[in-house]
Amino acid sequence: MRFRHPDGSTVHLAYCTNVHPAETLDGVLAQLRDHCEPVRRRLGRDRLGIGLWLARDAARLLTDDPAALRGLRGALDRRGLEVVTLNGFPYEGFGAAEVKYRVYQPDWTRPERLAHTTDLAHLLAALLPDDTAEGSVSTLPIAWRTPFDGAAAQAAHTALTTLAARLDALEDLTGKSVRIALEPEPGCVVETTSDAIAPLTAVRSARIGVCVDTCHLATSFEDPATALAALTTAGISIPKAQLSAALHAERPHLPEVREALAAFAEPRFLHQTRTLT
């Protein structure tokens, strides 16, 4: 959905499809039919923005087959849907029985991550609405922090710098500006928004910025206003924000609180927790 900001700019609000994981293009098209269009109709909107997740195999098919890409664009138009952002964090297997630490693979030290994100940027440029010149792709916060040494940091820096140059070339080619947003979260090399400042300053490109996720801010006990101000002062762009929530327990040591929290434990995803001392 689109909203008009007081400064006159357009704010895009999107429904994120990775809550309905699909590894193939057929699965993505089924998501549009079974979930996204019904949500749009229930909201009574002519158009609904969606944050599309394209797994590696689906992204590669769309990259290699222009007819398939045109078909996806046509399906979006017919169902009253538009894409201005992609979730590029999970690479594949997000619907597997156990994801856990696999969600961080391949990380930004691996050439596969650079290739996949480059594909996503080109696909987004082709999927953006005709009247929209900018889009974003969120991605993992470089890597899980162990093991991660100086050589890994240099490899990630080289990959992000290469990506920034490719995004410059993409805009020259298509007229569409795509920016990549690292999504800080607990346990990673970029765990907080402040952790993003040094590596992104070193990249020196407004094409690479931060995805501010409200759940991850809460889990790291970051104040949103302070975090946003620090990024702005450092000149780090914020191409994307994700609105989500974290569980909070005032007295986690109490048996009844621990019992209530245990109800959220499940074997698929990694559950990061933090305590404030």
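None of T109, T118 is β-branched (V, I, T), part of a helix (DSSP H, G or I) and under 29 Å from T161 (Cβ atoms) except T118. Note on region 94-129: residues that are at pLDDT below 95 and acidic (D, E) total 1.
Could you run through region 230-258 and say how many residues are closer than 30 Å to G209 by Cα and assigned to a helix (DSSP H, G or I)?
Final tally of qualifying residues: 5.
Considering L61, L72, L81, L48, the condition of being over 28 Å from V190 (Cα atoms) and open to solvent by 10 Å² or more (accessible area, probe 1.4 Å) is satisfied by L61 alone.
Taken together, R45, R73 contain a single residue that is farther than 20 Å from S138 by Cβ and in a helix (DSSP H, G or I), which is R73.
Among residues of region 258-272 that are over 19 Å from C188 (Cα atoms), those with a Cβ under 6 angstrom from a residue that is open to solvent by 70 Å² or more (accessible area, probe 1.4 Å) and in a loop (DSSP other than H, G, I, E, B), sequence gap 6+ or separate chain, pair up as P267/E98.
Please work out if A245 is touching a residue at least 24 places away in the same chain (Cβ under 8 Å), out of contact with any Gly (no Cβ under 7 Å at 6 or more places or on another chain), under 22 Å from N87 (Cα atoms) and open to solvent by 50 Å² or more (accessible area, probe 1.4 Å).
Against the criterion (touching a residue at least 24 places away in the same chain (Cβ under 8 Å), out of contact with any Gly (no Cβ under 7 Å at 6 or more places or on another chain), under 22 Å from N87 (Cα atoms) and open to solvent by 50 Å² or more (accessible area, probe 1.4 Å)), A245 qualifies.
Scanning region 199-218 for residues that are within 21 Å of A155 (Cα to Cα), within 13 Å of the chain's Cα centre (by Cα) and touching a residue at least 40 places away in the same chain (Cβ under 8 Å) yields a single hit, I208. For region 6-26, the set of residues classified as part of a helix (DSSP H, G or I) and crowded, with 17+ Cβ neighbours inside 10 Å consists of T17, N18, L25, listed by residue number. Among all residues of region 110-123, there is at least one that is among the small types (G, A, S) and more than 17 Å from S205 (Cα to Cα).
If only residues of region 48-67 that are in contact with an Asp or Glu (Cβ under 7 Å, 6 or more places away or on another chain) and not in a helix (DSSP H, G or I) are counted, the one that is modelled with the highest pLDDT is G49.
Residues in region 76-104 that are within 21 Å of G27 (Cβ to Cβ) and either part of a helix (DSSP H, G or I) or without any contact (Cβ under 8 Å) to a residue 24 or more places away in the chain (or both): L76, D77, R78, R102, V103. Restricting L270, L261 to residues that are surrounded by 11 or more Cβ atoms within 10 Å (Cβ to Cβ), among the hydrophobic types (A, V, I, L, M, F, W, C) and part of a loop (DSSP other than H, G, I, E, B) narrows the list to L270. Screening the candidates R113, R56 for the property of being among the basic types (K, R), within 23 Å of Q242 (Cβ to Cβ) and buried (at least 22 other Cβ atoms within 10 Å of the Cβ) yields one hit, R113.
The values are calculated or read from the model by the stated rules, or taken from the named source; none is laboratory data. All figures in this text were calculated on a predicted structure; none of them were measured in a lab. FYI the Cβ positions are ideal-geometry reconstructions off the backbone, even for glycines, and counts take in every protein chain you see. Side chains included, ligands, DNA and RNA excluded: accessible areas come from the protein's heavy atoms. Shrake-Rupley method; radii C 1.70, N 1.55, O 1.52, S 1.80 Å.
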